Amino acid sequence: MTLLRRHAPADHADLPGPASEQMLAAAEERMGISLPGDLRAWLSQNNLDLPEEDVDDEVACCGFDGFPDEGSFFLGVRALEKLYANRSVPGGFDPPDQPDNPFWRNEWIPFLSDRDGWTGKFIDVRDGRVGRWFVGDITITGEYASLAQYFDSVAEMLTKIADGSHPVCKAADGRLVWS
């Protein structure tokens, strides 16, 4: 977030701030699952839910466009909870006959998505690894060893944007601009 504030201050200024401990505990209770420590720490600093008046009920997920990339965004507590409820299934995994290679497991908590909820990243509460899902494609588990490793990759991308070496994004007038 320091890199975003430094290189895209207008984008950073639009972000709403932290989630309260009460918000996090209530979301965990409604979902029936505990948030991993690093996801909890992220949300306690960066609850990236849109203000209620900006939420579009016609889309599966709402968030601040353009960060961390074009077409996807980090989920705030409300959006995370909504997408988790949409993905969770009775029995704990989908499809029910493939427990070792499912499309979705209830132990996965989404933290990044596109507007339709068709693709995104999740953290596995069992071991903290970060994976990726895409509706209609194979789910990838362990794409990153941890949320911290994933955020290191985002920091590397923001550094490339700042120094002008990112192939499809630049910072202009305090905002990330994707081509």
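Odds and ends about this structure:
- Filtered residues of the stretch 159-174 (kept if open to solvent by 90 Å² or more (accessible area, probe 1.4 Å) and either of a type in the set (D, E, K, R) or in contact with a strand residue (DSSP E or B) (Cβ under 9 Å, 6 or more places away or on another chain) (or both)): Asp163, Lys170, Asp173
- The residue of the stretch 93-109 that is modelled with the lowest pLDDT, among those that are open to solvent by 40 Å² or more (accessible area, probe 1.4 Å) and part of a strand (DSSP E or B), is Phe93.
- Lone unmet requirement of (1) under 21 Å from Ala13 (Cα atoms); (2) of a type in the set (Lys, Arg); (3) outside any strand (DSSP E or B) for Lys170: (3)
- Taken over the stretch 134-176, residues that are in contact (Cβ under 8 Å) with a residue 24 or more places away in the chain and either of a type in the set (Lys, Arg) or over 28 Å from Trp104 (Cβ atoms) (or both) amount to 12.
- Pair list, Cβ under 9 Å, 6 or more apart: the stretch 49-65 residue outside any helix (DSSP H, G or I) and among the β-branched types (Val, Ile, Thr), other residue at pLDDT 70 or above and open to solvent by 50 Å² or more (accessible area, probe 1.4 Å): Val55/Arg78; Val59/Arg115; Val59/Asp116
- The residue pairs whose first member lies in the stretch 71-92 and is at pLDDT 90 or above and of a type outside the set (A, V, I, L, M), whose second member is part of a helix (DSSP H, G or I) and open to solvent by 70 Å² or more (accessible area, probe 1.4 Å), and whose beta carbons are closer than 7 Å, counting only pairs six or more residues apart or on different chains, are Glu81/Arg30.
- Single unsatisfied condition, Asp65 versus (1) open to solvent by 50 Å² or more (accessible area, probe 1.4 Å); (2) at pLDDT below 85; (3) in contact with a helix residue (DSSP H, G or I) (Cβ under 8 Å, 6 or more places away or on another chain): (3)
- Filter pass, Lys121 being part of a strand (DSSP E or B) and open to solvent by 40 Å² or more (accessible area, probe 1.4 Å): no
- Close pairs (8 angstrom Cβ cut-off, 6 or more residues apart or separate chains): in contact (Cβ under 8 Å) with a residue 60 or more places away in the chain in the stretch 13-33, open to solvent by 50 Å² or more (accessible area, probe 1.4 Å) and of a type in the set (Ser, Thr, Tyr) anywhere: none
- Condition check for Ala10 on (1) part of a loop (DSSP other than H, G, I, E, B); (2) in contact with a Lys or Arg (Cβ under 8 Å, 6 or more places away or on another chain); (3) surrounded by fewer than 16 Cβ atoms within 10 Å (Cβ to Cβ): one failure, at (1).
- Residue within the stretch 140-156 that is out of contact with any strand residue (DSSP E or B) (no Cβ under 7 Å at 6 or more places or on another chain), closer than 30 Å to Asp94 by Cβ, open to solvent by less than 30 Å² (accessible area, probe 1.4 Å) and not polar (S, T, N, Q) present: no
- Within the stretch 23-38, the residues that satisfy the criterion of being assigned to a helix (DSSP H, G or I) and either among the aliphatic types (A, V, I, L, M) or open to solvent by less than 30 Å² (accessible area, probe 1.4 Å) (or both) are Met23, Leu24, Ala25, Ala26, Ala27, Met31.
The values are calculated or read from the model by the stated rules, or taken from the named source; none is laboratory data. Computed from a predicted model, the values in this text were never measured in an experiment. Cβ: placed from backbone, ideal geometry, glycine included. Neighbour counts: every protein chain shown. The area values use the complete protein model at the heavy-atom level, side chains included, leaving out ligands, DNA and RNA. Shrake-Rupley method; radii C 1.70, N 1.55, O 1.52, S 1.80 Å.
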